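Working notes, structure below.
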Amino acid sequence: MENLQRQGMTSIKEIYKIGRGPSSSHTIGPERACKIFKEENKGADSFKAILFGSLAKTGRGHGTDTVIKKTFLPFECEIVFDIDTNNLPHPNTMQLIAIKDGKEIAKIFVYSIGGGYIRFENQDEQNEVLVYPHNKFSDIADYCEQHSIRLYEYAKQFEDGDLDQHIMNIWEAMKASIKAGLNSEGILPGGLDVQKKAKTLFGSQHIDETAETCQNRMVCAYAFAVSEQNADGETIVTAPTCGAAGVVPAVLYYHQQKNGFSDYEICNALITAGLIGDLIKTNASISGAECGCQAEIGSACAMAAAALAELFGLTIDKIEYAAEIAIEHHLGLTCDPICGLVQIPCIERNAVAAMRAINAVNLSSFLWNTRKISLDRVIQTMNETGLDLHARYRETSEGGLAKIKL
């Protein structure tokens with residue numbers, strides 16, 4: 001589904017959602033849709049959900065059928081996996097049907113468009129509440145320069161007054177997911193027998209460990225912690241999705257521990273990151289089923305890079321360059337989870353992207369005045385690249401690493 005160009009953007013509060021993994025598109029989105037549909041059809045005595053596209057092809061691995069059945073309880077819900085229907089409005093399409101006395105009383109198509117966002121078939125994207133007057137980084141940067149404000153201050157001008165508290169709640173949830181993951185051991189569910197590694201990474205200091213090696217190990221430990229919590233169906237924060245939830249918190253938590261940044265400073269950085277995520281969602285996609293893993297891990301890396309650059313007090317030009325580098329070097333990244341599980345290669349990608357975000361900030365601080373490509377152009381290119389990717393490389397578990405049988 002090609003993105004419709006609009007003036008403005010929705011609230012960044014929607015970028016960060018607290019929920020259970022393993023997939024924002026396959027669990028959080030469908031759960032939200034089913035809750036709404038169930039509430040609207042209180043007279044039904046049973047339900048039916050037909051899953052299409054990626055929801056059908058990887059739904060079992062992501063637990064889509066399980067979360068739908070649980071959401072419709074105490075009523076029965078029949079799940080149908082339709083892997084044959086093509087030409088869908090969105091790769092993550094589902095149809096919900098309400099039934100009473102054996103007869104259909106209501107039905108509707110729903111699209112899970114990434115990051116836990118959903119859109120019903122009769123919902124016009126143009127009717128979404130737009131909080132911001134701009135939808136290009138260049139326009140936001142110009143506005144900030146004219147008013148001598150930083151990016152997070154720009155966001156606070158247009159968001160509700162509860163933005164600070166909302167983001168503080170998000171940060172607390174992120175920290176909780178890191179701490180829980182660092183204390184968790186065992187095998188992840190799903191049948192791949194993937195061993196949890198965060199606790200081992202956190203406590204396995206090398207005898208001759210350098211400062212750089214320690215940084216890599218700790219950042220990876222934090223990213224693994226969140227990603228393993230996600231894969232285990234535990235509570236995490238979409239940033240911007242479940243599958244990429246470990247990148248932003250890993251980078252920010254590491255630098256808070258190392259440099260003593262306050263929670264308030266971290267929250268301002270998260271607001272800046274949210275703007276980057278919102279720009280990508282508006283002008284491209286944060287859905288792996290729509291644009292591949294570049295839309296998830298690439299977006300998360302850009303958000304983390306922008307957040308870290310904000311923490312360091314870098315100029316808006318340098319923040320832009322850091323985010324641009326992060327996306328640019330994820331262009332074309334396929335979404336090919338083995339067995340449809342958000343484990344291989346997803347967990348390791350969170351760690352690699354977290355380290356790449358830090359590297360992107362380092363590069364931007366030195367080379368910002370030599371850059372030739374804008375963040376807006378790279379976001380546009382990511383969207384074009386994603387639409388060009390063959391469907392089997394967009395979260396269908398039919399190509400790439402997903403073909404491997406373990």
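The values are calculated or read from the model by the stated rules, or taken from the named source; none is laboratory data. This structure is a prediction, so every number in the text was calculated from the model and none was measured. Cβ placement follows ideal geometry from the backbone for every residue including glycine, while neighbour counts extend to all protein chains displayed. Just so you know, the surface numbers come from the protein's heavy atoms only, side chains and all, with ligands and any DNA or RNA stripped out. Shrake-Rupley method; radii C 1.70, N 1.55, O 1.52, S 1.80 Å.
Annotations for the structure displayed:
- Residues that are over 30 Å from R60 (Cα atoms), modelled with pLDDT of 90 or more and either surrounded by fewer than 20 Cβ atoms within 10 Å (Cβ to Cβ) or more than 24 Å from the chain's Cα centre (by Cα) (or both), drawn from the range 371-406: K372, I373, S374, D376, R377, Q380, T381
- Single residue of the range 100-116 satisfying the filter (of a type outside the set (S, T, N, Q) and in contact with a helix residue (DSSP H, G or I) (Cβ under 6 Å, 6 or more places away or on another chain)) that is nearest to A44 (Cα to Cα): V110
- Test: residue in the range 59-70 that is surrounded by fewer than 16 Cβ atoms within 10 Å (Cβ to Cβ), more than 19 Å from I28 (Cα to Cα) and not hydrophobic (A, V, I, L, M, F, W, C): no
- Residue in the range 227-249 that is within 22 Å of A198 (Cβ to Cβ), at pLDDT 95 or above, of a type in the set (D, E) and surrounded by 24 or more Cβ atoms within 10 Å (Cβ to Cβ) present: yes
Okay, residues lined up against (1) assigned to a loop (DSSP other than H, G, I, E, B); (2) polar (S, T, N, Q):
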| position | (1), (2) |
| --- | --- |
| C214 | no, no |
| Y222 | no, no |
| A225 | no, no |
| I236 | no, no |
| A239 | yes, no |
| Q256 | no, yes |
| F261 | yes, no |
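- For the range 154-165, the count of residues that are within 18 Å of A306 (Cα to Cα), under 22 Å from the mean Cα position of the chain (by Cα) and among the small types (G, A, S) is at least one.
- Checked against (1) under 16 Å from I118 (Cα atoms); (2) open to solvent by 10 Å² or more (accessible area, probe 1.4 Å), T93 passes all but a single condition, namely (2).
- Helices (runs of 4 or more DSSP H) wholly inside the range 274-337 that include at least 2 residues being open to solvent by 20 Å² or more (accessible area, probe 1.4 Å): 316-328
- Residue that is farthest from E324 (Cα to Cα) [pool: residues in the range 135-165 that are assigned to a helix (DSSP H, G or I) and free of Cβ contacts under 8 Å to residues at least 24 places away in the same chain]: Q165
- Among (1) surrounded by 19 or more Cβ atoms within 10 Å (Cβ to Cβ); (2) in contact (Cβ under 8 Å) with a residue 60 or more places away in the chain - the single one R356 does not satisfy: (2)
- Residue satisfying condition, being surrounded by fewer than 17 Cβ atoms within 10 Å (Cβ to Cβ) and over 30 Å from M168 (Cα atoms), within set K35, K100: K100
- The residue that is farthest from L130 (Cα to Cα), among those in the range 169-200 that are open to solvent by 50 Å² or more (accessible area, probe 1.4 Å) and part of a helix (DSSP H, G or I), is T200.
- Looking only at the range 281-315, and only at residues there that are under 17 Å from N135 (Cβ atoms) and among the β-branched types (V, I, T), the one that is farthest from the chain's Cα centre (by Cα): T282
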